[in-house]
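The structure appears below as structure tokens.
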Amino acid sequence: ASLRPSAPGVKAWRMIARKKRRIVLLGPPGSGKGTQAVRLAQKLGIPRLSTGDLLRDHAKKGTRLGRRAEPYMARGDLVPDEIVLAMVAQQLDEEAYRDGYLLDGFPRTLPQAEALGHMLSQRGQAIDLVVDLEVGARESLRRQLGRLVCSRCGASYHEFFQPSRELMKCDICGGGLVQREDDRPAAILERLRVHEEQSRPVLDYYAGQGKLRTVSGGGDVEGVFSKIEEVLAKEEG
Ligand code: ADP
Ligand code: ADP
Ligand code: ZN
């Protein structure tokens, strides 16, 4: 028998999907945000917005914002708030995000969180729930060191913990897997340092609003997903 708590049924999920429309997923680099966000967004039927993916996309296309962001990303430092906020505001204006979304890795600073709150309140909206994935520094490091990403669709894999079925090929789209340019030890350590420094105020901000839920990011991918499901189900009362 499985030791995992039972996941909410189809009916419960419809309720969750109806109510929890604007969700934020936070956690240290390598905690599995991207991995879980892809699954959760699909299950809830809402689009996922990852500022990391968005920034890499801008950089790849060589947009003005992308060119400005690139050096920060290469070092593992945060891209300045004004650049990230400009990109997010542009994106959230799109039709696809009108009825809700899952924010992955944003907001990452207190000014970003405040600006988001302001942006939403102007539209009569608000963030419904914030899930924080907790993992230790050692696990975060191990996960990032072996991370492989699809060069076409951005899906995350891990050389050892989450290997693709075919060597270096994406299970979802068949694209080639590559190592992220910023998944080098120096940049990883810098990202961890920056996260410790910048994330606490964001968590406090949402805790103060009663929206923060903490989930352990340890254990396998399915186990973590079940725990996130449980947290969402609990919100339904
Ligand atoms: P990780 O998977 O390691 O958490 P991401 O893919 O989310 O990293 O982000 C990669 C890089 O993009 C970050 O190191 C940072 O330079 C930049 N970035 C992503 N999201 C933000 C944000 N909300 N604010 C500032 N910079 C960001
Ligand atoms: P983040 O977006 O928080 O930086 P990712 O989703 O990119 O994190 O995951 C980081 C790395 O860890 C990837 O290589 C991914 O395959 C792997 N990973 C994700 N979740 C788990 C897990 N529960 N156990 C082991 N490895 C994981
Ligand atoms: Zn792919």
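The values are calculated or read from the model by the stated rules, or taken from the named source; none is laboratory data. All of these numbers come straight from a predicted model, not from anything done at the bench. Using ideal geometry, Cβ is built from the backbone for each residue, glycine included, and neighbour counts are taken over all protein chains shown. Only protein heavy atoms, including side chains, enter the accessible area calculation; ligands, DNA and RNA are left aside. Shrake-Rupley method; radii C 1.70, N 1.55, O 1.52, S 1.80 Å.
The one condition from (1) part of a strand (DSSP E or B); (2) within 13 Å of ligand 2 (Cβ to nearest atom) that residue 164 does not meet is (1). The set of residues from region 44-92 being within 16 Å of ligand 3 (Cβ to nearest atom) and either touching a strand residue (DSSP E or B) at 6+ places or on another chain (Cβ under 7 Å) or charged (D, E, K, R) (or both) comprises 48, 50, 53, 56, 57, 60. Of everything in region 115-128 that is surrounded by fewer than 21 Cβ atoms within 10 Å (Cβ to Cβ) and hydrophobic (A, V, I, L, M, F, W, C), the residue that is nearest to ligand 1 (Cβ to nearest atom) is 115.
Kindly provide the set of residues from region 97-114 that are free of Cβ contacts under 8 Å to residues at least 60 places away in the same chain and open to solvent by less than 30 Å² (accessible area, probe 1.4 Å), ordered by number. I'd like the intermediate steps shown before the answer.
Initially, region 97-114 is screened for residues free of Cβ contacts under 8 Å to residues at least 60 places away in the same chain, giving 97-98, 111.
Once the filter is applied, which keeps residues that are free of Cβ contacts under 8 Å to residues at least 60 places away in the same chain and open to solvent by less than 30 Å² (accessible area, probe 1.4 Å), region 97-114 yields only 97.
Across region 220-237, the number of residues qualifying as assigned to a loop (DSSP other than H, G, I, E, B), open to solvent by 60 Å² or more (accessible area, probe 1.4 Å) and either acidic (Asp, Glu) or under 22 Å from residue 29 (Cβ atoms) (or both) comes to 1. Only one entry in 202, 131, 135, 178 is touching a strand residue (DSSP E or B) at 6+ places or on another chain (Cβ under 9 Å), exposed (fewer than 15 other Cβ atoms within 10 Å of the Cβ) and at pLDDT 95 or above, namely 178.
For every residue, the table says whether it meets (1) at pLDDT below 90; (2) surrounded by fewer than 20 Cβ atoms within 10 Å (Cβ to Cβ).
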residue: 2; (1), (2): yes, yes
residue: 38; (1), (2): no, yes
residue: 57; (1), (2): no, yes
residue: 61; (1), (2): no, yes
residue: 76; (1), (2): no, no
residue: 84; (1), (2): no, no
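Would you call residue 155 within 16 Å of ligand 3 (Cβ to nearest atom), under 17 Å from residue 47 (Cβ atoms) and either hydrophobic (A, V, I, L, M, F, W, C) or buried (at least 17 other Cβ atoms within 10 Å of the Cβ) (or both)? So residue 155 fits the description; yes.
Quick one: in region 97-112, which of the residues that are in contact with a strand residue (DSSP E or B) (Cβ under 9 Å, 6 or more places away or on another chain) and within 10 Å of ligand 1 (Cβ to nearest atom) is farthest from residue 78 (Cα to Cα)?
Going through the qualifying residues, I end up with 103.
Evaluating residue 130 against the criteria (1) under 19 Å from residue 78 (Cα atoms); (2) touching a helix residue (DSSP H, G or I) at 6+ places or on another chain (Cβ under 6 Å) leaves one unmet condition, (1).
Picking from residues in region 160-196 that are more than 18 Å from the chain's Cα centre (by Cα) and of a type in the set (Asp, Glu), the one that is farthest from residue 69 (Cα to Cα) is 166.
Regarding residue 27, is this residue open to solvent by less than 70 Å² (accessible area, probe 1.4 Å) and at pLDDT below 95? Taking the combined requirement at face value, the residue does not satisfy it.
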